[in-house]
Structure formats: C-alpha cells, structure tokens
Amino acid sequence: SSGINAEYGGIKVFTEVGYAIVGKSNQFYTNSVKASEQFCLQQNIPFRILTKDQMKSEWEGFDPVDAEEGMFLPQKGGHVSIRNLVKASQKVALQNGVDRRTDVVTSIVKNDAGFLITLESGNMMTCEKICITTGSFTNFFGLLRKTPDIKLMGHTVMKFEIDEDTFERCKFLPSMIYCPTIPYVYILPPIRYPNGKVYIKLGHSVSFDDPLTRLLHSHQEVLDWYCLPDYPEARSYFIKWFGEIFPKIEVLSAVLDHCVMGVTATGRQYLGFAEKDCFVGVGGNGVSAKMGLEIGRIIADSVIAGQWKGIDLDEKDFEIIYKD
C-alpha cells in the first residue's frame, strides 16, 4: 500500500491509518517483526514497539486476550479500497482512449491477423495483442493452449457491523496482522461500505490443511463457493476471534463473504508470455491486490513492447508453470 497514492484518477483509493503487527513471542510474530524492522530501517520508515497496555490505551476498543506487544508503523500503512481502485483504473483507461466492453470471452483463436476473440453475445473481434488476467477462472474456458498450474483455495472473511458511536471511538484503529496463534488474523479498521453500514473486517491466513478453507476444482464449485449463504466452521472461528480481540465492542450484525484464491506452484504471481503477443497475469496467491497497479503496468508495458518490462524484477521469478 505504501506504493499507492492516496488518490488515483481523482478518486480516493488509499486511507493511511497505519499498520501494526500484534502478537506474542512465537516464531511467526518474531520473524515478522524482525523482517519489518529491517525494512523500516532501510527505508527510513518510523515505527514503534508498543506494549499491550499502550495498544489498549491508543486504540479504542482493542483489548486482546493473548497479545503481548505490537510493532506499529504510523505512516505509509493503511487500507486500499479495491472498489475505488477498480473504478479509478477504469476511469483512467477510458480517459486514455480505451474501448471498454462488458462481455464474456468464450474462445480465443490465433490466426494470421492476430487473435480472433468470440464473445458470449455472439460478437467477435480481432486483436493483435492480448492479456489474460482472468484470475481464478483462468483454467475453465480453454483460453490458453496450455493449462497453468494453479490450485484454487476457497476462503472466507467476516464483517462485523458497528454503530456510529463505536465508529467514532474506534476509527483510529490501524490495519493489523494479529498473530498470537496460527492461523493468524488480519484486521481492517472500521470502514463505511457502499450499503452505508460500518464494518470491522476480519480475515485469516490460509493453508490447504486448515478447516477454514476448501480446495475447489471445477467452475461450478467456484460459483457455488462465492454464493455460499453460510459456512458455520468459519463463522464460529471469526466470532471467537472478534470476542478475544474486541471484547467490549458491541456487534450489530456479522456477515460472511467468500473469496477464491489462485495459488501458483511457485508462490509468486505468474507473469509472462504464453506465446507471442499473448501475456498472462494470473495467480495472486492472496497478496496481489495492494500491488495491482504495478502488476498491471508490467502486463501492459510488456505486451505492448513484446518483451518483459519488469524494471528491476527478474522475469524468471514469475515464470508460468504449466500442468503436465
């Protein structure tokens, strides 16, 4: 998030409320703080190490059961509004001559003129160069000649609704990684959502062997996961975590949202040419939204130039691994 301006295309996309890592003396917390301290010292970013009592005093409503201390970065940390970032990106694209069409691509065929694209509406178009950035749906429509090795992990977040008075009291909470236990929890501070309600959002670290996630295999499974009305296993965990972290905050409602994460074989994003003039950018591994502008720049610049344009990044680090 530190690489994103507060506004993009005249639309606010980033709110600087600070960032904290909160935990106790376990390996994950200790390693995270050591890495963060080293980075902050290298980049001249101020930070503070806070005791539990200091955190309780400075962050209204925060009264964790298990946490012992925290590392707080007051600057260049916070949260990105993905809704606004998408809106701003589309606005900037349209202002620069992009012809945006909302449709579903059903096939891509390479021919002498470039790529013949067939749309669900029945329309067709021919393009000289294409980018494939279809996320968790990449392997379901045969858009590529070879299939990228991506596993799909369904996971869940929960939003806890609070009233306006609590919003005013707790609006100075930072974005946070809370890691006294594994899986660790990430916390977004009170944010007003498009429905007008204010929520504190909790998510969790994910792995294939924890009860909060589900391995998905088919297009229908992905659709069903996004539309799942409830997931009791996750709900019980989130309610327990919220009660342990914010025991004095009254919750008006709690809403589950479901996500699908594309996990690559390398742990890094797949960014590269699948063939001449066809650039692929897929496999976010759950960490790519905050760097979306830079990933988009790499994709756009590379496909236009016909060669890798990752500035100081090595193309080999983002190599696409295909299934046998």
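The values are calculated or read from the model by the stated rules, or taken from the named source; none is laboratory data. Note that this is a predicted model, so its numbers are computed, not measured. Every residue, glycine as well, gets a Cβ built from its backbone with ideal geometry; the counts of neighbours run over all protein chains shown. Ligands, DNA and RNA are stripped out before the accessible areas are found, and what is left, the full protein with its side chains, is counted by its heavy atoms. Shrake-Rupley method; radii C 1.70, N 1.55, O 1.52, S 1.80 Å.
Of the three principal axes defined by the Cα atoms of the stretch 175-291, the extents in descending order read 58, 33, 28 Å. Each residue of the stretch 50-107 gets 200 Å³ once the volume of the Cα convex hull is shared out per residue.
Note on residue 30 and residue 314: the model spin-label points, each 7 Å out from Cα along the C-beta direction, lie 3.0 nm apart. Remark on the chain: ratio of C-alpha radius of gyration to 2.2 N^0.38 Å is 1.08. Full extension of the chain between residue 94 and residue 209 yields a length gain of 37.1 nm, computed as 0.36 nm times the residue separation minus the alpha carbon distance. In this Cβ point-charge picture (+1 for Lys and Arg, -1 for Asp and Glu), the stretch 1-160 has a dipole of about 420 debye about its Cα centre. Loop-located chymotrypsin sites (Phe, Trp or Tyr not before Pro) across the stretch 119-195 with a Cβ neighbour count of 16 or fewer within 10 Å are 141, 172, with loop assigned by DSSP. In this simple spin-label model, placing a label point 7 Å from the Cα along the Cα-to-Cβ direction at both residue 57 and residue 40 gives a separation of 1.8 nm. Probing with 1.4 Å while keeping every protein chain in the model, the per residue accessible area of the chain equals 54 Å².
When the Cα positions of 177, 206, 158 are compared along the charge dipole of the stretch 144-211, 206 comes out farthest toward the positive end, with charges on each C-beta of Lys, Arg, Asp and Glu. Only one residue of 219, 247, 282 has its Cα farthest out toward the positive end of the dipole of the chain, where Lys and Arg carry +1 and Asp and Glu -1 on Cβ, and that residue is 282.
Placing a pseudo-label 7 Å from each Cα along the Cα-to-Cβ vector at residue 66 and residue 226 gives an inter-label distance of 3.3 nm. Sorting 122-132, 93-103 by their mean Cβ neighbour count within 10 Å, with the most densely packed peptide first, gives 122-132, 93-103. The charge dipole of the chain, taken about the Cα centre with unit charges on the Cβ atoms of Lys, Arg (+1) and Asp, Glu (-1), comes to about 440 debye, rounded to the nearest 20. Using a Förster distance of 41 angstrom, determine the FRET efficiency expected from the C-beta separation of residue 145 and residue 257, and round it to 0.05. The pair residue 145/residue 257 has a calculated efficiency of 0.75.
Expressed as a whole percent, the accessible surface of the chain that belongs to carbon and sulfur atoms is 51, based on a 1.4 Å probe. Backbone amide hydrogens, once placed in the peptide plane, bring residue 106 within less than 5 Å of 118, 119, 120, excluding anything fewer than 5 places away on its chain. In a reduced charge model with +1 at each Lys and Arg Cβ and -1 at each Asp and Glu Cβ, the stretch 199-273 shows a dipole moment near 240 debye about its Cα centre.
Evaluating 6.51 cos²θ - 1.76 cosθ + 1.60 at θ = phi - 60° for every residue in the stretch 248-254, the Karplus couplings come out as 9, 8, 7, 9, 7, 7, 9 Hz, glycine and proline recorded as x. When peptides 307-313, 279-285 are ranked by their average number of other Cβ atoms within 10 Å per residue, the highest-first order is 279-285, 307-313.
Beyond 24 Å in Cα-Cα separation lie the following of the pairs 34/76; 87/201; 76/151; 34/248: 76/151; 34/248. The 3J(HN,Hα) values that the Karplus relation (6.51, -1.76, 1.60; θ = phi - 60°) gives for the stretch 185-198 are, in residue order, 10, 9, 10, 9, x, x, 9, 7, 9, x, 7, x, 8, 9 Hz. Gly and Pro appear as x.
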